[in-house]
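Notes follow once the structure below has been shown.
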Amino acid sequence: MAHPVEPGNDPQWENAWLCGRAVLSLVASLLSSSIGFYLGRTTSRGFNRFFTAKEIQLGNSMFDRYGDISIAVSKGIPVLSEAVSFLSGTTSISFKRFFCYSLMGHLPVSAIYAFVGSYAGSLNSYLVSGGVILATIALFFVFRMVIGRKIKTAV
């Protein structure tokens, strides 16, 4: 016997699933960023021994200048997000400040991932998901190129 309203056909259920996916993605992303920050904070002394004092000073000055925006912008770029979270832990930034910028970066990314995933699932097509993956890779290279120019001018 079928239910009077099928969960898959009800717009309210669709919106609830979409919001649930976005919230789950946001919580998981913030948790992983926080773990990366904690690992950076607890291992910074051992990590810093591989660099000279000048390199550490240059890294800290770059992070002081671009750190906040790099935390927020990197959250949509795989691998870079984790690296920035770890490196944030090795600097003097407070966890509260790091968490706020992580939230600003993860919030739109989580919403976009949930929407695109839901939309691609409704199409039964991997084309949309593939397009998002390609766009993410393209953004990574653009971000890398912009940051690379800024680093060259700082050195």
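The numbers here are math on the coordinates, done by the rules we state, and not lab data. Predicted model only: the values in this text are computed from it and were never measured. Because the Cβ atoms are built from the backbone with ideal geometry, glycine has one as well, and the counts that use them run over all protein chains shown.
Given a Förster distance of 30 Å, report the FRET efficiency between residue 49 and residue 82 from their Cβ-Cβ distance, rounded to the nearest 0.05. Please report the intermediate quantities before stating the final value.
Details: r = 21 Å, r/R0 = 0.71.
My answer for the efficiency is 0.90.
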Worksheet item: Can you list the HN-Hα couplings for the stretch 27-41, worked out from phi with the Karplus curve (6.51, -1.76, 1.60; θ = phi - 60°), rounded to whole Hz and with x for Gly and Pro?
Response: 5, 5, 5, 5, 5, 5, 5, 5, 5, x, 4, 4, 4, x, 5
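For a quick protection proxy, order the peptides 76-84, 19-27 by their average other-Cβ count within 10 Å, most packed first. If you can, show how the numbers build up before the last one.
Values: 76-84: 17.8, 19-27: 15.1.
Put in order of decreasing packing, that is 76-84, 19-27.
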Discussion item. Given points 7 Å out from each Cα along the Cα-Cβ axis, report the residue 17 to residue 133 separation in nanometres with one decimal.
Written reply: 2.2
Practice prompt. Using a/c under 1.5 as the rounded threshold, could you call the stretch 40-87 rounded, prolate or oblate? The axes a ≥ b ≥ c are square roots of the C-alpha gyration tensor eigenvalues, and prolate needs a/b larger than b/c, oblate otherwise.
Written response: oblate
Practice prompt. Using the Kirkwood radius over Cα pairs, work out the Stokes-Einstein diffusion coefficient for the stretch 14-154 at 25 °C and 0.890 mPa s, in µm²/s as a whole number.
Written response: 150
Worksheet entry | Computed E for residue 64/residue 145 - FRET, C-beta separation, R0 22 angstrom, nearest 0.05 | 0.50
